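Enquirer: Here you go, one structure.
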Amino acid sequence: MTKTQDRSKALFASISRSGYYPEIVSGALQDALAGEPTEAFVVHHEPTFDRDEIRRHMSVLVLTPSRLLLTHTDEHPGDTLLPKPYTSTSVEAVPLSRVAGVVVTRMVSAQTQQLEEALLTISWGAVSRVELEPARCDDPECEADHGYTGSISGDDFSLRLSAAAEGGAAVEGLLEFARALTAATTVTATR
């Protein structure tokens, strides 16, 4: 594997441009990076509407030579513990050897052949979803209990970006990150 350029300066500049608590998000990431270089990243600032309030959330994905960092920052109204509004930032560090799946779904307009959306789903075994349904046999007259059938699927993190909402460059950036993560996990899996 060739040595890649450290993109940490570009990462922190992107966080700063978002305007969403840049010092808090950058500080949490600086601690989590622990001196490792940034190989690829995605910064996604997402406002959501909660009744008559606008709440904001930011996700930052960072790929280092050995880990995937997932950072989430949220705004909260005051509560019984902290009476004034506050933010919470969490960073999860997943060793690349633990990443079990990288799924990329592209939505392309059938008419224009333009990339409209991309969905990145990453699994590493922290969260699994179980879907069960009654098992049946081919005999329409059968009344026996055949138990259940189902599937277990990993779905630890998903990020969907749209050209209409975030812009085409953001969607391409998500795909660039997905390519880098796929390449990194392929190398890790073959070691």
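Enquirer: What number, rounded to the nearest 500 deg cm²/dmol, is the helix-based mean residue ellipticity at 222 nm of the chain, given -39500 (n - 2.57) per DSSP H run of at least four residues and division by all its residues?
Expert: -8000 deg cm²/dmol
Enquirer: A further question follows. State, as an integer percentage, the relative contact order of the stretch 1-109 based on alpha-carbon contacts under 8 Å between residues 6 or more apart.
Expert: Once normalised by length, the contact order is 19 percent.
Enquirer: Oh, and also: For E131 and S158, calculate 0.36 nm times their separation in residues minus their Cα-Cα distance, and state this gained length in nm to one decimal.
Expert: Difference between extended and current length: 7.9 nm.
Enquirer: Let me ask something additional. What do you get for the angle between helix 22-33 and the principal long axis of the chain? Use alpha-carbon atoms, 0 to 90 degrees, nearest ten.
Expert: 70
Enquirer: Tell me the per residue accessible area of the stretch 61-188 using a 1.4 Å probe; a whole number in Å² is fine.
Expert: Accessible area per residue: 60 Å².
Enquirer: Which percent of the Cα-Cα distances in the chain go past 28 Å?
Expert: The calculated P(r) of the chain puts 39 percent of pairs beyond 28 Å.
Enquirer: Please give me the summed charge of the neighbours of A93: other residues whose Cβ is under 14 Å from its Cβ, Lys and Arg +1, Asp and Glu -1.
Expert: -2
Enquirer: With r as the distance between the Cβ atoms of D6 and Y86 and R0 = 25 Å, compute the FRET efficiency 1/(1 + (r/R0)^6) and round to 0.05.
Expert: Once rounded, the FRET efficiency stands at 0.20.
Enquirer: At a 1.4 Å probe, what is the % contribution of carbon and sulfur to the accessible area of the stretch 97-147?
Expert: 45
Enquirer: Let me ask you something else. Quick check: the angle from helix 168-190's long axis to the longest principal axis of the chain, C-alpha only, nearest 10 degrees?
Expert: Rounded to the nearest ten degrees, it is 70.
Enquirer: Using a simple spin-label model with points 7 Å from Cα along the Cα→Cβ vector, what separation in nm is obtained for E23 and A180?
Expert: Each label point is offset 7 Å from its Cα along the Cβ direction, giving 2.7 nm.
The values are calculated or read from the model by the stated rules, or taken from the named source; none is laboratory data. Keep in mind that this is a model prediction, so the values were computed, not measured. Every residue, glycine among them, receives a Cβ derived from its backbone with ideal geometry; neighbour counts consider all protein chains shown. Please note that ligands, DNA and RNA were not included when accessible areas were found on the heavy atoms of the full protein model with its side chains. Shrake-Rupley method; radii C 1.70, N 1.55, O 1.52, S 1.80 Å.
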